[in-house]
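Below: one structure, written as structure tokens.
The values are calculated or read from the model by the stated rules, or taken from the named source; none is laboratory data. The shown structure was predicted, so the numbers you read here are calculated from the model rather than taken from an experiment. All Cβ positions, glycine included, derive from the backbone under ideal geometry; neighbour counts span all protein chains shown. Accessible surface areas use protein heavy atoms only, side chains included; no ligands, DNA or RNA. Shrake-Rupley method; radii C 1.70, N 1.55, O 1.52, S 1.80 Å.
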Amino acid sequence: NSLNIIGSNLEYALRLQPEQPEIRRCLKVSYERATRAILDLRRIVDALSPVDVTEHGLALALQNLTERTSRQGVHITFDHLVSAGEGPVRILHPEHLYYICQEALHNALEHGKPETIQVVLKQNPDDLRLYISDDGSGCKEIVRGNGLTNMRSRANALGGTLEYGSPDDGGFVVKIVVPRHRAMADPAEGDGPT
């Protein structure tokens, strides 16, 4: 809560447009660091007490994640698209897709500075797809750090694939495809609907 107040005060001070460039630069750096600290703290809290994806289902967990993340000043939409005739999907280890989405949202906010982010969970007869796309600055030279490595590892654990990159018109897109025959749970196993 204190960090939010500090961030709000710094944002207000920046809006006053101080005349000295050195003071304006100092305020801007402080505001960016406060915002980053808030994001880092929220990630830590989420990691310590993650949403129970198995109990509440993947779609609801992703919706809650996008709603919480949108409180940081970015417009985020979440859509769950289900092909005709498909019932609720049951997936083994749905937490992998949850954490991939969480990391993708963090990366977008941290590096791309987008105004909008779209998250789409698409349930097809043959596969489950998760798309995270933003309208941020994009990235032509992608440095594969721990975040992207962990995302690929989680996709592989589901027997799926992970693709990412920046379209020519900017922004960044992450796409995960999980084949149903590799990732679906037997309803008798009680993994909860997603």
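Report, by residue number, each residue of the range 153-188 that is more than 24 Å from P114 (Cα to Cα), open to solvent by 60 Å² or more (accessible area, probe 1.4 Å) and modelled with pLDDT under 80. Once the filter is applied, which keeps residues that are more than 24 Å from P114 (Cα to Cα), open to solvent by 60 Å² or more (accessible area, probe 1.4 Å) and modelled with pLDDT under 80, the range 153-188 yields H181, R182, D186, P187, A188. If the condition is being in contact with a strand residue (DSSP E or B) (Cβ under 9 Å, 6 or more places away or on another chain), β-branched (V, I, T) and not in a loop (DSSP other than H, G, I, E, B), then the range 112-155 contributes T116, I117, V119, V120, I132.
Residues in the range 74-97 that are among the β-branched types (V, I, T) and under 9 Å from L58 (Cβ atoms) were compared, and the one that is modelled with the highest pLDDT is I91. Can you tell me which residues in the range 103-152 are among the polar types (S, T, N, Q) and either over 30 Å from A84 (Cβ atoms) or surrounded by fewer than 18 Cβ atoms within 10 Å (Cβ to Cβ) (or both)? Of everything in the range 103-152, those that are among the polar types (S, T, N, Q) and either over 30 Å from A84 (Cβ atoms) or surrounded by fewer than 18 Cβ atoms within 10 Å (Cβ to Cβ) (or both) turn out to be N107, T116, N124, S137, N146, T149, N150.
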